[in-house]
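**Q** Before anything else, here's the structure in question.
The values are calculated or read from the model by the stated rules, or taken from the named source; none is laboratory data. Since the structure is predicted, the reported quantities are computational estimates derived from the model, not experimental observations. We place every Cβ from the backbone using ideal geometry, glycine too, and count neighbours over all the protein chains shown. Side chains are part of the model used for accessible areas, which takes the heavy atoms of the whole protein and leaves out ligands, DNA and RNA. Shrake-Rupley method; radii C 1.70, N 1.55, O 1.52, S 1.80 Å.
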Amino acid sequence: MNVIIMGPPGVGKGTQSHAVVTSKGCVHISTGDTLRMAIRSGSELGLKVHAIMNAGDLVSDELMMDLVRDRLSQPDAQQGWLLDGFPRTAVQAEGFIGLLDGLGQTVDAVLVLNAPADEIVRRLEGRVTCRACNEVMNLKGFGPVQPRFCPFCGSAEDPQRPGKSALYQRADDKEETIRHRLEVFRKKTLPAAWALEERYPLHEIDGLGTPEQVADRIAAALG
Ligand SMILES: [Zn+2]
């Protein structure tokens, strides 16, 4: 089974991807992993990617398309795949449809996981990271009394900078950043989903509720 999963940051895409890969026995393909794999392989494509990333440039749509084609052609991908993080724009989606036609592959389901912006902000806002052990946690789960010590490693202070608290909110988890990323998803990635819908079955999945409830909705959509 070939599946594309799309969703804004904080909607639980990682957890749900894992569940689909486990239940359907397909290989999880994320753009980040694909880039890293290409670089590690030392192939001609990998060298190109390495040079571009070293220069701090973005990988072009064309190169990304070559990388995805290369990844989907590998033997392990013939058992089915779950693609996560690509295509991200309508232009990439159009190119991707052509690419799959060229490979003789199709998409069984496009999953669009979504939740209202306020809900996503509420979920992510309480998220803090521990400077000592790097564990990410949500302080909302701890009720009105916020812990001073990391519940995972017990640290109260940043081991590198005494006096600075171990638990902190990353810039990525601040409301303004979250709202900006949600806006990018709405303006760029949703049009990619609608372009894919012209060719493949698309399921909009309600991302509200527990991870188990969301997984059940996805399982029902995949059949
Ligand atoms: Zn910790």
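**Q** Identify, by number, the condition in (1) over 21 Å from G207 (Cα atoms); (2) away from the ligand (no atom under 16 Å from the Cβ); (3) in contact with a Cys (Cβ under 8 Å, 6 or more places away or on another chain) that L82 doesn't meet.
**A** If we test L82 against (1) over 21 Å from G207 (Cα atoms); (2) away from the ligand (no atom under 16 Å from the Cβ); (3) in contact with a Cys (Cβ under 8 Å, 6 or more places away or on another chain), just (1) comes out false.
**Q** For a quick check of your reading of the model, give me the residue pairs whose first member lies in segment 47-64 and is of a type in the set (D, E, K, R), whose second is part of a loop (DSSP other than H, G, I, E, B) and surrounded by 10 or more Cβ atoms within 10 Å (Cβ to Cβ), with beta-carbon atoms closer than 8 Å and at least 6 apart or on different chains.
**A** D61/T89
**Q** Let me ask something else about it. Which residue, of R217, R179, is of a type in the set (K, R) and within 20 Å of D108 (Cβ to Cβ)?
**A** On the way: R179 fails: within 20 Å of D108 (Cβ to Cβ).
From the options R217, R179, the qualifying one is R217.
**Q** Please work out if T210 is within 30 Å of D61 (Cβ to Cβ) and either open to solvent by 90 Å² or more (accessible area, probe 1.4 Å) or among the polar types (S, T, N, Q) (or both). Steps first, answer last, please.
**A** On the way: within 30 Å of D61 (Cβ to Cβ): no; either open to solvent by 90 Å² or more (accessible area, probe 1.4 Å) or among the polar types (S, T, N, Q) (or both): yes.
So T210 fails the test.
**Q** Still on this structure, please answer the following. For segment 95-112, give me each residue that is open to solvent by 40 Å² or more (accessible area, probe 1.4 Å) and within 18 Å of L63 (Cβ to Cβ).
**A** Step one: of segment 95-112, the residues open to solvent by 40 Å² or more (accessible area, probe 1.4 Å) are 98, 101-104, 106, 108.
The answer is G98, G102, L103.
**Q** Something else about it: Would you check if there is a residue in segment 104-117 being closer than 28 Å to H28 by Cβ, over 23 Å from the mean Cα position of the chain (by Cα) and more than 15 Å from the ligand (Cβ to nearest atom)? Let's see the steps before the verdict.
**A** Of segment 104-117, the ones closer than 28 Å to H28 by Cβ are 104-117.
Pick out the ones that are also over 23 Å from the mean Cα position of the chain (by Cα) and you get 104.
From what is left, the residues that are more than 15 Å from the ligand (Cβ to nearest atom) are 104.
Looking for residues that are closer than 28 Å to H28 by Cβ, over 23 Å from the mean Cα position of the chain (by Cα) and more than 15 Å from the ligand (Cβ to nearest atom), one finds at least one in segment 104-117, hence yes.
**Q** For segment 135-158, which residues satisfy the criterion of being open to solvent by 80 Å² or more (accessible area, probe 1.4 Å) and at pLDDT 90 or above?
**A** The initial filter retains those residues of segment 135-158 that are open to solvent by 80 Å² or more (accessible area, probe 1.4 Å), namely 140, 142, 144-146, 148-149, 152, 157.
Correct list: F152, E157.
**Q** Being part of a strand (DSSP E or B) and in contact with a Cys (Cβ under 7 Å, 6 or more places away or on another chain), is that true of even one residue in segment 101-110? So that I can check it myself, show each step before the final result.
**A** Start the filter on segment 101-110 by keeping residues that are part of a strand (DSSP E or B), which leaves 109-110.
When the remaining residues are screened for being in contact with a Cys (Cβ under 7 Å, 6 or more places away or on another chain), the result is none.
Scanning segment 101-110 turns up no residue that is part of a strand (DSSP E or B) and in contact with a Cys (Cβ under 7 Å, 6 or more places away or on another chain).
**Q** From the set of residues in segment 166-204 that are at pLDDT 90 or above and within 16 Å of the ligand (Cβ to nearest atom), which is most open to solvent (accessible area, probe 1.4 Å)?
**A** That would be L167.
**Q** Right, something else. Return the residues of segment 58-94 that are among the basic types (K, R) and open to solvent by 70 Å² or more (accessible area, probe 1.4 Å); say none if nothing qualifies.
**A** In the first step, residues of segment 58-94 are kept if they are among the basic types (K, R); the result is 69, 71, 88.
Within segment 58-94, R69, R88 qualify.
**Q** Inside segment 113-130, can you point out the residues that are in a loop (DSSP other than H, G, I, E, B) and surrounded by 18 or more Cβ atoms within 10 Å (Cβ to Cβ)?
**A** Residues of segment 113-130 in a loop (DSSP other than H, G, I, E, B): 115-116, 126.
Result: A115, single match.
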